[in-house]
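Presented below is the structure to which this report refers.
The values are calculated or read from the model by the stated rules, or taken from the named source; none is laboratory data. Here the structure is a predicted model, which means the values were calculated and not measured. In this analysis, Cβ positions are derived from the backbone assuming ideal geometry, glycine residues included, and neighbour counts consider all displayed protein chains. We work out accessible area using only protein heavy atoms, side chains counted, and drop any ligands, DNA or RNA first. Shrake-Rupley method; radii C 1.70, N 1.55, O 1.52, S 1.80 Å.
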Amino acid sequence: MAACARQGKRAKVILSNVTNVYSNLALEHWILNNWRFSKFDCLFVYRNEPCVVLGRFQNTWREVNVSRAQRQGVNIARRVSGGGTVYHDLGNVNFSFFTDKPSHCPAKNLQFLSKTLNDRYRLAIDPNKRHDLFIGDKKISGSASRIIRTGSFHHCTLLVNSDLVKLSGLLHGDKTLKGTATASVPSPTTSILSVMSRDLTHQTRDVISTSHIIDLVAENYLSLYRQNPSVNVDLWSEECNQDTESDVILVDKVPDKILDPHHESFEWIFGKSPKFSKEFEVSGNVYTVNVEKGLVRGVNDTENCEVVGQRYDPEVIYQFLTQDHIENIS
């Protein structure tokens, strides 16, 4: 992987100990918008408590079992990058590769990541053309990117020891919704530990962990730039800025000034879903509910009913349609 080293550039690794999805996504966005990557590249590494993260152009209700997520207390978030919906928990590691716009190359990042893991754990991880990582016919990582004038990031998940049952249950939304939203491409999933536990020849399966993988990837990433991990500094300390000499930067909190309340709002998480329609069948009659910006806009093209203007909730709408006064809806 020496060919990946960029002449004249240095690298930094930012390790987040924060496990809140909204905080880590806000920090990722802040790094992209506030740092410049002409002289250095950056790897941002973080984990989150259980949550579901949508791509920017997706329909929340189509991708996520919203009622199950709410019952289980699982946060739903929408990121600023495209791509499909993914599940995060503390058994999953997220890697964000920052660089300048001309150097943006997800394929190189995934080649680096797969080689690092394959060499250490004797796995057979392969990237595909969609910038996913697979072991055999099962997916262990999905990717997405964000590019602006001053920089870019490519981020990917890595299922190390995630709850695959919970993942499967949450990533089953309502596929009957009709609209133009970007749809996730379904794939069977597995985790690294699931693969290793089935192969008794792997002697490292008892010691592998998310922290071990984070340390391994961070060290190998810096080695691409012929650097060794140096003394850690806190991201928000006075001596730390993008020109600091330290190669490893720690994050123990994300200041309120970095957070964007809008990205935790209904308007962003649900209301950004492209407009769609849903057909409800009640007593042999079919009712088409039109939704835009997360709000009901009409039922069978009628705007004069009590659910119009309300937030889309299929259970509430079904109860409304089973009431006696729906004869006014043509």
Return only the number of the condition from (1) open to solvent by less than 10 Å² (accessible area, probe 1.4 Å); (2) part of a loop (DSSP other than H, G, I, E, B); (3) more than 20 Å from F266 (Cα to Cα) that L123 does not satisfy.
(1)
Step by step: first the residues of region 72-89, then only those that are in contact with a helix residue (DSSP H, G or I) (Cβ under 7 Å, 6 or more places away or on another chain) and either β-branched (V, I, T) or open to solvent by 40 Å² or more (accessible area, probe 1.4 Å) (or both), then the one that is nearest to T190 (Cα to Cα). Which residue is that?
T85
Cβ-Cβ distance below 8 Å, separation of 6 or more or different chains: which pairs start in region 265-280 with a residue that is of a type in the set (S, T, Y) and end on one that is assigned to a strand (DSSP E or B)?
S273/G179; S273/V291; S277/K178; S277/G179; S277/T288; S277/V289; S277/N290; S277/V291
Flagged in region 48-66 as under 20 Å from V93 (Cα atoms), out of contact with any Asp or Glu (no Cβ under 7 Å at 6 or more places or on another chain) and not in a loop (DSSP other than H, G, I, E, B), in numbering order, are C51, V52, V53
Return a yes/no flag: does region 206-222 have any residue that is within 30 Å of K275 (Cα to Cα), surrounded by 14 or more Cβ atoms within 10 Å (Cβ to Cβ), aromatic (F, W, Y) and at pLDDT 95 or above.
no
For region 50-68, state whether one or more residues are open to solvent by 10 Å² or more (accessible area, probe 1.4 Å), in contact with a strand residue (DSSP E or B) (Cβ under 8 Å, 6 or more places away or on another chain) and small (G, A, S).
no
Which one of these is part of a helix (DSSP H, G or I), touching a helix residue (DSSP H, G or I) at 6+ places or on another chain (Cβ under 6 Å) and at pLDDT 95 or above: A69, A26, A107?
A69
